[in-house]
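Novice: A single structure is presented below for examination.
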Amino acid sequence: MTPFLEAAGWADAAQTPLAGDASSRSYVRLTRGPDTAILMLDPDGDVDLFARLARHLSALNLSAPSIMAQAPGLLLIEDLGDGLIAQLAQDTVRETALYLVAVDALLELHKHPAPASLPVATPKVLAAMTDVAFDCYAVGAELPNPAARDAVITAFEPILQNYAAPEGVMVLRDYHAENILWLADRQGAKRAGLLDFQDALQGHRAYDLISLIEDARRDVSPHTAKACIAHYLAQSGLPETAFRTALAVLGAQRNLRILGVFARLAATRGKPHYIDLIPRVWAHLKHDLTHPALAPVAAILSQSLPEPTPAILQRLKNPCPTP
């Protein structure tokens, strides 16, 4: 790391570790006089991909960090500040306005095709990604049900094909308030600073919007959630019924997967605090499953996936037998 910083001209900077996320990445703020930068350490990740996607987003007039230097497992990137929307939106008076800027960024992103090199979130892929709900959440709850897992995947694929097939836009995938910065000195959609996009896919326009308003980490007010959907529909001109159906379908897929991912993080990465978020995720899932389009999946889940009772949540904080 030291030779990298020396080559970039930042070896003499003061270093302040920053809070990490669910990944293996870590971040350090470098301070040298009035100047700052962020050092991203990702020894197991593809920093070249992050850099390419950051440049792509910047070329679309969106606010991704500029890349100052890169080496295997290391990136020196622009410091976009500390103004996370998740923190600023605790002021309920500001919440809706902050979230609408995040929606503006999606509207701008969706005017352009995704990079052709990105994997496609096909119905088959998205349906298969729900397996972790059974393989870690249900197994961790000591209620394994492989037959139900397979039945859910089989039932989900045609629903995704009918209502949320990929549309060729870039899906940032982890688009929520802890991954978006408020950049007050910029204009329009550029006021949304984008931080997490290295797992991006090609997919449906509704994916990132439902990720934003059905946040696993914080309660988004019903008023703000409704305003975000209304704003996206008004600006995009998309048919409302079809888009709302896609939101529900992709919301159910995401939340089902998140149940399993959080259980796996507790079991294999020593991060039991993610279990405390599961009741919120469960509530989102239950809401999404009320949509008639999801009736086949809802019928299976109602008989096979256990509600996160206090006893089950406590059990999930212990290692999962099959991570």
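Novice: Among the residues of the range 30-53, are any touching a residue at least 60 places away in the same chain (Cβ under 8 Å) and within 30 Å of ALA234 (Cα to Cα)?
Specialist: Yes, the range 30-53 contains at least one residue that is touching a residue at least 60 places away in the same chain (Cβ under 8 Å) and within 30 Å of ALA234 (Cα to Cα).
Novice: Filtering the range 42-63 down to residues that are among the hydrophobic types (A, V, I, L, M, F, W, C), over 17 Å from the mean Cα position of the chain (by Cα) and surrounded by 18 or more Cβ atoms within 10 Å (Cβ to Cβ), which residue is nearest to MET170 (Cα to Cα)?
Specialist: Once the filter is applied, the top-ranked residue is LEU62.
Novice: Right, something else. For the range 35-130, list the helices (runs of 4 or more DSSP H) that sit wholly inside it and hold at least 1 residues that are at pLDDT below 95 and of a type outside the set (Phe, Trp, Tyr); which are they?
Specialist: Once the helices (runs of 4 or more DSSP H) in the range 35-130 are filtered for at least 1 residues that are at pLDDT below 95 and of a type outside the set (Phe, Trp, Tyr), what remains is 47-59.
Novice: Which is in contact with a Pro (Cβ under 9 Å, 6 or more places away or on another chain) and at pLDDT below 95, of GLU157, GLU142?
Specialist: When all the criteria are applied, what remains is GLU142.
Novice: So in the range 250-271, with the set limited to residues that are charged (D, E, K, R) and over 14 Å from the mean Cα position of the chain (by Cα), which one is surrounded by the most Cβ atoms within 10 Å (Cβ to Cβ)? Even if it seems obvious, please write down each step before you answer.
Specialist: Residues of the range 250-271 charged (D, E, K, R): 254, 257, 264, 269, 271.
Retained after the next criterion (residues that are over 14 Å from the mean Cα position of the chain (by Cα)): 264, 269, 271.
On the way: ARG264: 23, ARG269: 13, LYS271: 14.
If we take residues in the range 250-271 being charged (D, E, K, R) and over 14 Å from the mean Cα position of the chain (by Cα), then ARG264 is surrounded by the most Cβ atoms within 10 Å (Cβ to Cβ).
Novice: Return the residues of the range 272-294 that are in a loop (DSSP other than H, G, I, E, B) and surrounded by 14 or more Cβ atoms within 10 Å (Cβ to Cβ); say none if nothing qualifies. Break it down into steps so the answer makes sense when it comes.
Specialist: Applying the first criterion (in a loop (DSSP other than H, G, I, E, B)) to the range 272-294 yields 289-291.
Scanning the range 272-294 gives LEU289, HIS291.
Novice: Also: Among the residues of the range 165-190, which ones are touching a residue at least 24 places away in the same chain (Cβ under 8 Å) and farther than 21 Å from ILE67 by Cβ?
Specialist: Within the range 165-190, ALA165, PRO166, GLU167, GLY168, VAL169, VAL171, HIS176, ALA177, GLU178, TRP182, ALA184, GLY188 qualify.
Novice: Which of the following residues is within 18 Å of LEU60 (Cα to Cα) and in contact with a helix residue (DSSP H, G or I) (Cβ under 6 Å, 6 or more places away or on another chain): ALA177, ALA192, ALA206?
Specialist: Details: ALA177 fails: within 18 Å of LEU60 (Cα to Cα); ALA206 fails: within 18 Å of LEU60 (Cα to Cα).
That would be ALA192, the only listed residue that is within 18 Å of LEU60 (Cα to Cα) and in contact with a helix residue (DSSP H, G or I) (Cβ under 6 Å, 6 or more places away or on another chain).
The values are calculated or read from the model by the stated rules, or taken from the named source; none is laboratory data. Model, not experiment: these values are computed from the prediction. Here the Cβ is made from the backbone with ideal geometry for all residues, glycine too, and neighbour counts use every protein chain on show.
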